[in-house]
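All of the numbers you see were taken from the coordinates with simple rules; none came from a lab. Treat the numbers as computed from the prediction; the structure is a model and nothing was measured. Cβ placement follows ideal geometry from the backbone for every residue including glycine, while neighbour counts extend to all protein chains displayed.
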Amino acid sequence: MDAIEALLTRKSTAKLDLPAPSKAELDTLLQAAMRAPDHGCLRPWKFVVFKDRMREELGEILCEALTKNDPDASEAACEKEKKKPLRAPMVIAVIAKVSEHPKVPAMEQIISAGAAAQNIMVAVHAMGFAGIWRTGSPCHDPHVRARLGAVGGDEIVGFLYIGTAISAPPIPEFEKSDYIMEWKAAAK
Ligand SMILES: Cc1cc2nc3c(=O)[nH]c(=O)nc-3n(C[C@H](O)[C@H](O)[C@H](O)COP(=O)(O)O)c2cc1C
């Protein structure tokens, strides 16, 4: 699939199964991430890959976060958290590693990490896999942040759920003129 086709046909898929990208394919995905535009060449990102049984450890972290925030949380609510990372055979947490820089504000570093995440998502699709970018309260939770190595101004910009599509939703239509305007010279 060429780059334009990948960009025009990528869509999110929540229902995912095996196979996941192989070790070599994962390496390509992460190289694609590293090609995201990045003001000042700071490489302001970190990718934490959860595969196989390691997804269960991520589930444990989510469950621990829930019970730290709500000691009365039910067993069922905790089990729900534990199962979240099992919704795909591979999960990549993308963390913006934000540092003080005289010319590159935090927002630009976070955008770069988001662009790296999107490079992964497009590359996933171009390789014939599928995925969905998820966030939610775990991204901002102190326990999850600490366990994943997000410190200070770092931001967890998302959890990328990756695998093979079980069913593919359609791509929604949109009205171009709602989003795009060509600037015309003002009449004088
Ligand atoms: C930063 C970010 C966070 C998101 N968080 C979630 C989320 O927590 N749960 C969810 O179902 N979709 C989330 N989405 C939306 C999906 O990733 C997806 O974009 C959306 O379902 C639309 O599908 P599409 O990508 O095929 O257009 C998020 C997207 C972005 C960019």
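Summary of values
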{"item": "Spherically averaged projected area of the stretch 43-119 from its Cα convex hull (nm²)", "result": "6.4"}
{"item": "Stretch gain in nm, segment residue 99-residue 60, where the contour uses 0.36 nm per residue and the Cα spacing is subtracted", "result": "11.1 nm"}
{"item": "Choice from 127, 90, 107 showing the highest fluctuation, given a GNM over the chain with Cα pairs closer than 10 Å", "result": "107"}
{"item": "For the chain, size of Cβ-based charge dipole, Lys and Arg +1, Asp and Glu -1, in debye", "result": "300"}
{"item": "Coil-residue chymotrypsin sites (Phe, Trp or Tyr not before Pro) of the stretch 1-76, DSSP, other Cβ within 10 Å capped at 10", "result": "none"}
{"item": "Among 102, 71, 85, residue whose mean-square fluctuation peaks in a GNM of the chain (springs only between Cα atoms under 10 Å)", "result": "102"}
{"item": "As computed over the stretch 97-160, the Cα convex hull volume per residue (Å³)", "result": "82"}
{"item": "Fewest-first sequence of 10, 35 by Cβ atoms within 10 Å of each Cβ", "result": "35, 10"}
{"item": "Exposure proxy order (Cβ contacts within 10 Å, fewest to most) of 7, 30, 66, 160", "result": "7, 30, 66, 160"}
{"item": "Helix-derived mean residue ellipticity, 222 nm - over the chain, DSSP H n ≥ 4, -39500 (n - 2.57), to 500", "result": "-12000 deg cm²/dmol"}
{"item": "Relative contact order %, the chain, counting alpha carbon pairs below 8 Å whose residues are six or more apart", "result": "34"}
{"item": "Taking 63, 41 and counting other C-beta atoms within 10 Å, the order from fewest to most", "result": "41, 63"}
{"item": "Gain upon complete extension [residue 53, residue 184; 0.36 nm per residue less C-alpha separation]", "result": "41.5 nm"}
{"item": "Most positive-pole-ward Cα, 159, 110, 186, against dipole of the chain from beta carbon charges", "result": "186"}
{"item": "Charge tally in the Cβ shell below 15 Å around residue 15, where Lys, Arg are +1 and Asp, Glu are -1, residue 15 excluded", "result": "+4"}
